[in-house]
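Engineer: One structure follows; several queries about it will come next.
The values are calculated or read from the model by the stated rules, or taken from the named source; none is laboratory data. In this text, all values refer to a predicted model and were calculated from it rather than measured experimentally. Because the Cβ atoms are built from the backbone with ideal geometry, glycine has one as well, and the counts that use them run over all protein chains shown. Surface accessibility is based on the protein's heavy atoms, side chains included, excluding ligands, DNA and RNA. Shrake-Rupley method; radii C 1.70, N 1.55, O 1.52, S 1.80 Å.
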Amino acid sequence: MKRRLLTGNAAAAWGARLADVDYIPAFPITPQTEIIETIAGWTDSGEMDASMVTMESEHSMITAAGTAAATGVRVFTATSSQGLLYAMEMLYTVAGWRAPFVLVNVSRALAAPVTLEPDHNDVLAARDSGFLQLHCSTCQEVLDGVLLAYRIAEDSRVRLPMIVNLDGFYLSFTREPVEVPTAKEAKAFLPPFDSKGMSFRASSPISQAVAVLGGGPYSYFRYETHLAALNALTVFDEAAEDFSKIFGRSYGSVESYRTEDAKYLFVMMGSFATKAREAVDRLRDEGWPIGLLRPRLVRPFPAEAIARLASGKEAVAVIDQNLSLGKGGVLFTEVSSVLYGQPGAPVMLSFIGGLGGRDISPEEFFEIAGVAKHAAKEGKAPPPRLLYTEDELKEVRKLQMIANVERGELEDEDE
Amino acid sequence: MYRIRFHGRGGQGMKTASRILGTAFFIEAFEVQDAPIYGAERRGAPVFAYVRAGREAINERGAITNPDLVVVADDTLVPVPAAGVLRGVTENTVLIINSVEEPETWRERLNLTGPVVTMPGVKVGDAQEVRFTGVVSAAAAAAVTGVISKTSFEAAIREEIAPLGEAVVDENLKRGVEAFDLTVKNGVSIKEGSTVSAAAYKRPEWIELGFESAAISAPAIHSAATSERMKTGLWRTVRPVIDYDRCNRCWWLCSTFCPDGAISVNKEGFPEIDYEHCKGCMICMAQCPPHAISAEAEHGRKEGGDEA
């Protein structure tokens, strides 16, 4: 195993290479492009023995990935943001086929307005599709996550596609030390795909997209898929245990950092959670009983683990890097639903931050801790808060001033 | 932890500089994080890259707001607000700037209290020198850390430049080592900065963002006709020229296919090219059925479109 500097994108490509995938349908989009560029270089030079095909859209790309997986070969693909949304119809469809493969999503906030920087509204739009979701916070976790994802997706108790999510810029273009396993080590953890009789072939056609009417059959198929997704909780733990034996890195479905004696918790997903980790250390330096929970698995949702780790705490501050318009933070809603009515349920606080890659400063984490402590004392949570400062609004006001002048000029011209 | 920021323009090698420095730290057994930040990538646009290096795993992420060192490869970026060159610079921050002006001039002009040095070994204003800006920036940064040996720095150059071939590696090694030595002679050094303390910190000035009508809060661009005012004809290196003797007045092929709407059709049915806006993509030439459009080099003509 060699430790080297890799971007999150390169780590994702290494994951695919070490998983010894057979087929990669691809379509480029910022900030994912480097993944398929890297793989294209390897398939071209012969370092990777796989067939890579560039498709005309993400919709076709996911269709190709699903159909190829249904033949029993190992498939990898990657997209981001608008691309994931363009593929949305097929995400639900191939998950319904129960076609197992791995899709890396490089999170980037959605239009409109257009941006390149990350938040989680893109990947959360796929939340209910049947794709499982693993969220990474370091480049190491991206490589490891791709290997883990194949073990889970291909397991006969699951057989569903899985998304491995990494944040654009903060991981995709950021180099960090990553331990790269040898091909032999990777194979010991992830043997070749045993498709157990999946045999979709041109010579013996099977209809994967059957029509069912009346609701009864439909409910059966959908609920079976739901149960398969829930099985992934057990399968994840098993795979993570094997992983830890071979590679010495342990992954729980929920990362739990300094939570044991904590009264207050931050809850976050993705790479920004390492910022929360740093804030926990700084607050601990000053004697604060505070910790961090980070769901790695988002689908299936590790409800039991979260309930166990968060029950008995005084206050839990969920910082969502997403916004369900007209409701609020998605993770806040999900964590609250797990804890509501449970004995020892903490006061729940909701913060929205990091939209469109907006940074969250150490000072903001300290302030959130203070708000959580106060809420615990009062026994009552304040309304949800957007992390947004006076200076940020001033910058927006400047842009609006320019826009208004220009609009005024246009109106004058029209007269 | 060391926190180092490189500022330059697209094409000046700031990403490469951050990678050489990151790899050099890594060879010295530091934990490292390096990354570029850019928006819509293009040559000449402000770009910055950063490196964090420490003895323990790094949890901080994203743009560095409290740098120990800022390297500015292009001094024209200093007055550009979007470039944010001076963000978080304090009396403890060292500034290395690529400039013909004296360090003292920059200290006074920017009212800086920390050390300022000019970048060694780059001839400012020489277009041929741009390709070495990256390695020289990395060299200056590596030298002022005091914890990166010249051997490790050379190994980092080899590792990062290798894909460009041996000749390029050799040139970069020569210029990098030269700049490294010159910087060491300067005697400036940086110290590892501290982390923000949770005991005494400046509270964020959060506000309650209130409702505003869509007339104000929808992201619409009101500035119409900017494409007309932008003389994109300046971008052209090749110009399409219509031979009206061969044009059969099909009326629409060249003008329809023009992606910039720079070809109109006059009353007689002949196409006319608006050279103030034609970018020279030559799609019209490719489309014209009677081959009535030819390509001419723009070189030697007056900029903007008029005949020389």
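Engineer: Pull up the DSSP beta bridges for chain B and report the antiparallel fraction as a percent, rounded to 5. Spell out each step's value before the answer.
Structural biologist: Numbers: 23 of 34 bridges.
Just about 70 percent of them are antiparallel.
Engineer: On to the next question. Each residue of region A:99-108 in order: what ³J(HN,Hα) in whole Hz does its phi give by Karplus 6.51 cos²θ - 1.76 cosθ + 1.60, θ = phi - 60°, with x for Gly and Pro?
Structural biologist: Listing the rounded values in order: 8, x, 7, 10, 10, 8, 10, 9, 4, 8 Hz.
Engineer: Report, in listed order, any pair from A:394/B:15; B:123/B:185; A:187/A:275 with a Cα-Cα distance greater than 23 Å. List each step's numbers first, then the result.
Structural biologist: Details: A:394/B:15 31 Å; B:123/B:185 18 Å; A:187/A:275 33 Å.
In this structure, A:394/B:15; A:187/A:275 lie more than 23 Å apart at Cα.
Engineer: Please give the residues from region B:1-37 for which the solvent-accessible area of heavy atoms, probe 1.4 Å, is smaller by at least 50 Å² with all protein chains in place than with the chain isolated.
Structural biologist: Buried on complex formation: B:19, B:26, B:34.
Engineer: What angle do you read, to the nearest 10 degrees and between 0 and 90, between the alpha-carbon axis of helix B:130-145 and the longest principal axis of chain B?
Structural biologist: Tilt of helix B:130-145: around 20 degrees.
Engineer: Shielding by partners for A:271-283, please: the mean number of other protein chain Cβ atoms within 10 Å of each residue's Cβ. Don't jump to the answer; show the numbers that get you there.
Structural biologist: Working: counts 2, 2, 2, 5, 4, 1, 3, 6, 3, 2, 3, 7, 3.
For peptide A:271-283, the averaged partner shielding equals 3.
Engineer: State the Cα centre-to-centre distance between region A:274-342 and region B:44-95 in whole Å.
Structural biologist: 32
Engineer: Would you grab the residues whose amide H sits under 5 Å from the one on residue A:52? Only those 5+ places off in sequence or on another chain, please, with H modelled 1.01 Å from N.
Structural biologist: Amide H neighbours of residue A:52, under 5 Å, 5+ apart: A:24.
Engineer: Now a separate question. Beyond 16 Å, how much of the Cα-Cα pair distribution for region A:99-208 remains, as a whole percent? Before the final figure, lay out the partial values.
Structural biologist: On the way: 3955 of 5995 pairs.
Taking all Cα-Cα pairs of region A:99-208, the fraction more than 16 Å apart is 66 percent.
Engineer: With the other protein chains left in place, how much accessible area per residue, in square angstrom, belongs to region A:49-144 at a 1.4 angstrom probe? Could the numbers behind the result be given before it?
Structural biologist: Details: 2630 Å² over 96 residues.
Roughly 27 Å² per residue, with all protein chains present.
Engineer: Given a 1.4 Å probe and every protein chain left where it sits, what share in percent of the accessible area of chain A is carbon and sulfur? Walk me through the intermediate numbers first.
Structural biologist: Working: 8990 of 16890 Å².
So the carbon and sulfur contribution to the accessible surface is 53 percent.
Engineer: Continuing with this model, one more query. What percent do you get for the relative contact order of chain A when only Cα pairs under 8 Å and 6+ apart count?
Structural biologist: Numbers: 831 pairs, mean separation 61.6, N = 415.
Averaging sequence separation for qualifying contacts and normalising by length gives 15 percent for chain A.
Engineer: Whole Å is fine, so just give me how far the alpha carbon centre of region A:245-270 lies from that of region B:232-254.
Structural biologist: Result: 64 Å between the Cα centres.
Engineer: Let me ask something else about it. Quick one: compute a quarter of the convex hull surface over the Cα atoms of region A:2-247 and quote it in nm².
Structural biologist: If you wrap the Cα atoms of region A:2-247 in a convex hull and average its projections, you get 13.3 nm².
Engineer: Could you give the accessible area per residue of chain B, probe 1.4 Å, as a whole number in Å²? Before the final figure, lay out each step's value.
Structural biologist: Values: 16030 Å² over 308 residues.
Heavy-atom SASA per residue in chain B reads 52 Å².
Engineer: Okay, next question. Quick one: of the DSSP bridges fully inside the protein assembly as shown, what percent are antiparallel, nearest 5? All intermediate terms of the calculation are to be shown ahead of the outcome.
Structural biologist: Details: 38 of 84 bridges.
Antiparallel bridges: around 45 percent, rounded to the nearest 5.
Engineer: Sticking with this structure for a sec: If packing is taken as the average number of other Cβ atoms within 10 Å across a peptide's residues, how do A:403-409, B:179-185, B:93-99 rank, most packed first? It would help to have the intermediate numbers written out before the result.
Structural biologist: Working: A:403-409: 13.9, B:179-185: 19.0, B:93-99: 23.1.
Packing order, densest peptide first, comes out as B:93-99, B:179-185, A:403-409.
Engineer: Sticking with this one: What whole-number distance in Å separates the alpha-carbon centres of region B:175-210 and region A:132-180?
Structural biologist: 32
Engineer: Okay, moving on. Using only the alpha carbon atoms of region B:228-297, find the Kirkwood hydrodynamic radius as the inverse mean reciprocal pair distance, in angstroms to one decimal.
Structural biologist: Evaluated on region B:228-297, it is 12.0 Å.
Engineer: Write down, largest first, the equivalent ellipsoid semi-axes of region A:256-390 in whole Å, where each equals the square root of 5 times an eigenvalue of the alpha-carbon gyration tensor.
Structural biologist: Working: eigenvalues 72, 65, 45 Å².
With the √(5λ) rule applied to region A:256-390, the semi-axes are 19, 18, 15 Å.
Engineer: What residues have an amide H closer than 5 Å to that of residue A:5, excluding those fewer than 5 places away on the same chain, when H is modeled at 1.01 Å from N in the peptide plane?
Structural biologist: A:178
Engineer: Let me ask you something else. Under the rule that a partner needs its Cβ under 4.7 Å from the first Cβ, which Cys of chain B have none?
Structural biologist: B:247, B:250, B:258, B:278, B:281, B:288
Engineer: For region B:124-275, what relative contact order do you get, as a whole percent, if you take Cα pairs closer than 8 Å and at least 6 residues apart? Present the calculation step by step, with values, prior to reporting the outcome.
Structural biologist: Numbers: 86 pairs, mean separation 25.3, N = 152.
Worked out over region B:124-275, it gives 17 percent.
Engineer: Still on this structure: What number, in nm² with one decimal, is the all-direction average of the projected area of the convex hull of the alpha-carbon atoms of region A:143-198? Could you put the intermediate results ahead of the total?
Structural biologist: Values: hull surface 19.4 nm².
One quarter of the hull surface, i.e. the mean projection, equals 4.8 nm².
Engineer: For peptide B:194-201, compute the average count of partner chain beta-carbon atoms within 10 Å of each residue's beta-carbon.
Structural biologist: Numbers: counts 0, 5, 8, 6, 17, 6, 1, 8.
Per residue, the average neighbour count from other chains is 6.
Engineer: From the residues A:112, B:261, A:361, which one has its Cα farthest along the dipole of the protein assembly as shown in the positive direction, the dipole being from +1 and -1 charges on Cβ of Lys/Arg and Asp/Glu about the Cα centre?
Structural biologist: Farthest along the dipole direction, towards plus: A:361.
Engineer: What percent does the relative contact order of chain B come to when contacts are Cα pairs within less than 8 Å and at least six residues apart? Mind dumping the intermediate values first?
Structural biologist: Details: 542 pairs, mean separation 45.3, N = 308.
Taking the mean separation of contacting Cα pairs over the length of chain B, I get 15 percent.
Engineer: Let me ask something else. Explain nothing, just compute: Karplus ³J(HN,Hα) = 6.51 cos²θ - 1.76 cosθ + 1.60, θ = phi - 60°, for every residue of region A:376-387 in order, whole Hz, x for Gly and Pro.
Structural biologist: 4, 5, 6, x, 8, 8, x, x, x, 10, 7, 6
Engineer: Of the residues A:48, A:162, A:348, which exhibits the maximal mean-square fluctuation in a Gaussian network model of chain A defined by a 10 Å Cα contact cut-off?
Structural biologist: Looking only at A:48, A:162, A:348, the largest GNM fluctuation is found for A:48.
Engineer: Considering amide H positions built from the backbone, and no H for Pro or chain starts, which residues 5 or more places from residue A:135, or on another chain, come under 5 Å of its amide H?
Structural biologist: A:165, A:297, A:298
Engineer: For region B:1-138, what mean projected area does the convex hull of the alpha carbons give, in nm²? Numbers along the way, then the final one.
Structural biologist: Values: hull surface 32.0 nm².
That works out to 8.0 nm².
Engineer: For chain B, what are Rg and Dmax over the alpha carbons, in angstrom?
Structural biologist: 25.8, 82
Engineer: Now, a different point. In this model, which of A:263/A:377; A:398/B:279; A:263/B:202 are farther than 21 Å apart at the alpha-carbon?
Structural biologist: On the way: A:263/A:377 11 Å; A:398/B:279 32 Å; A:263/B:202 24 Å.
Table pairs above 21 Å Cα-Cα are A:398/B:279; A:263/B:202.
Engineer: I want the antiparallel fraction of DSSP beta bridges within chain A, as a percent rounded to 5.
Structural biologist: On the way: 13 of 48 bridges.
Looking only at bridges with both residues in chain A, the antiparallel portion is about 25 percent.
Engineer: Here's something else I'd like to know. Of the peptides A:59-71, A:220-232, B:49-61, how do they stack up when ordered by the mean number of other Cβ atoms within 10 Å, highest first?
Structural biologist: Top to bottom by mean Cβ count within 10 Å: A:59-71, B:49-61, A:220-232.
Engineer: If you take the accessible area of A alone plus B alone and subtract the pair, what total do you get in square angstrom, rounded to 100, with a 1.4 Å probe? Walk me through the intermediate numbers first.
Structural biologist: Numbers: alone 18850 and 18130 Å², together 32920 Å².
So the buried area, both faces added, is about 4100 Å².
Engineer: Using the Cα centre of chain B as origin and beta-carbon charges of +1 (Lys, Arg) and -1 (Asp, Glu), tell me which of B:35, B:288, B:111 is placed farthest towards the positive end of the dipole.
Structural biologist: Looking along the dipole axis, the top candidate is B:35.
Engineer: Then there's this: I'd like to compare B:143-155, A:168-180, B:67-79, A:355-367: which one has the highest average count of other Cβ atoms within 10 Å, and what's the full order after that? Write out the running numbers ahead of the final one.
Structural biologist: Working: B:143-155: 18.3, A:168-180: 23.9, B:67-79: 21.9, A:355-367: 20.3.
Final packing ranking: A:168-180, B:67-79, A:355-367, B:143-155.
Engineer: Tell me what chain A gives for mean residue ellipticity at 222 nm when only DSSP H runs of n ≥ 4 count, each as -39,500 (n - 2.57), the sum divided by the residue total, rounded to 500 deg cm²/dmol.
Structural biologist: Values: 14 runs with 186 residues, N = 415.
The per-residue figure over chain A is -14500 deg cm²/dmol.
Engineer: Could you work out, residue by residue across A:358-367, how many beta carbons of other chains sit within 10 Å of that residue's beta carbon, and then give the average as an integer?
Structural biologist: Details: counts 1, 4, 3, 6, 8, 6, 4, 4, 8, 5.
Mean shielding count: 5.
Engineer: For chain A, what does the equivalent ellipsoid look like in terms of its semi-axes, each the square root of 5 times an eigenvalue of the Cα gyration tensor, given largest first in whole Å?
Structural biologist: So the equivalent ellipsoid measures 35, 27, 22 Å along its semi-axes.
Engineer: A follow-up question, please. Starting from the Cα of residue A:380, draw a straight line to each of the aspartates and glutamates and keep only those under 15 Å, dropping any in the same chain fewer than 8 residues away.
Structural biologist: Leaving aside aspartates and glutamates fewer than 8 places away in the same chain, those within reach of residue A:380 are A:314.
Engineer: Enumerate the calculated ³J(HN,Hα) couplings along region B:212-220 in order (Karplus 6.51 cos²θ - 1.76 cosθ + 1.60, θ = phi - 60°), each rounded to whole Hz, writing x wherever the residue is Gly or Pro.
Structural biologist: 9, 5, 4, 4, 9, 9, 7, x, 9
Engineer: Still on this model: Relative to the Cα centre, what is the charge dipole magnitude of chain B, using +1 at the beta carbon of each Lys and Arg, -1 at the beta carbon of each Asp and Glu, and rounding to the nearest 20 debye? Write down the numbers at each step before the final one.
Structural biologist: Numbers: 33 positive and 41 negative charges, 73 e Å.
Charge dipole, chain B, about its Cα centre: 340 debye, nearest 20.
Engineer: Using only Cα atoms and rounding to the nearest 10 degrees, what angle (0 to 90) does helix A:390-414 make with the longest principal axis of chain A?
Structural biologist: 80
Engineer: Related question: Quick one: divide the alpha-carbon radius of gyration of the protein assembly as shown by 2.2 N^0.38 Å and tell me what you get.
Structural biologist: Working: Rg = 28.3 Å, N = 723, 2.2 N^0.38 = 26.8 Å.
Here the Cα radius of gyration is 1.05 times the empirical estimate.
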